[in-house]
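Asks: Let me give you the structure first, and then I'll get to my questions.
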Amino acid sequence: MAREDMSERTRQAILDAAGRVLGRKPDAAMTDIAEEARVGRATLYRHFPTRDHLVRGVQDAGVTELLDALAAADLETLPADRALARIANVFLRTGAKYAAVVSLDDEHKEHPPHDRAIEPVRKVITRGIANGELRGDLPDTALFEMYDALIGRALVLAVTAKLTPEQAADAVVEVFLRGATAIAR
């Protein structure tokens, strides 16, 4: 059992290192990732025989982390604005580690775990429109796409350290819910 634990810790160290390295440099070599993880190339390839396997592993780890955090967020009990703020925080806090990999290839973006990660967002927006908390003059799909685009750009800002994940999440919520216009308070 100890050997399995060690193997899983090594695998996780590789995934974490890959998330960091690919966040800084999406075309980084496998050697760069092995160095960051402090493992030999043979160890890296034993866990992930190809770059595609590694990218998929990083994405799956990120989606799993997102799903766990979203499940713990208790979104159904919150008003839409607070639920969207909590979602933004979850995505920016956990998603920043994996943002570069998620956006590397569209084929990695469209799979059931990813769909499960975005489903809570769709539900909150649909619920917010239905109960009058969010504007009803646009289809829920349009609001979802706009929110998703803001999250995507905020991830870029967080990965490139232009904003902290917290600042990026706050910006998403402010722009999405209140718009970009300055309002006298």
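The values are calculated or read from the model by the stated rules, or taken from the named source; none is laboratory data. Quick caveat: nothing in here was measured; it's all calculated off a predicted structure. Using ideal geometry, Cβ is built from the backbone for each residue, glycine included, and neighbour counts are taken over all protein chains shown.
Asks: Every residue in the stretch 27-40 that is exposed (fewer than 13 other Cβ atoms within 10 Å of the Cβ) and of a type outside the set (Val, Ile, Thr), please.
Replies: Of everything in the stretch 27-40, those that are exposed (fewer than 13 other Cβ atoms within 10 Å of the Cβ) and of a type outside the set (Val, Ile, Thr) turn out to be ASP27, ALA29, ARG38, GLY40.
Asks: Here's a follow-up. Before we move on, is THR164 modelled with pLDDT of 90 or more and outside the structural domain of ARG20 (by TED's automatic domain parsing)?
Replies: So THR164 passes the test.
Asks: Within the stretch 53-67, is even one residue of a type in the set (D, E, K, R) and within 30 Å of GLU133 (Cα to Cα)?
Replies: Yes, the stretch 53-67 contains a residue that is of a type in the set (D, E, K, R) and within 30 Å of GLU133 (Cα to Cα).
Asks: Filter the stretch 136-158 for residues that are in a loop (DSSP other than H, G, I, E, B) and closer than 15 Å to LYS123 by Cα; which is nearest to the chain's Cα centre (by Cα)?
Replies: PRO139
Asks: Considering every residue within the stretch 84-92, establish whether at least one is farther than 11 Å from LEU15 by Cα, surrounded by fewer than 18 Cβ atoms within 10 Å (Cβ to Cβ) and not assigned by TED's automatic domain parsing to the domain that holds GLN12.
Replies: no
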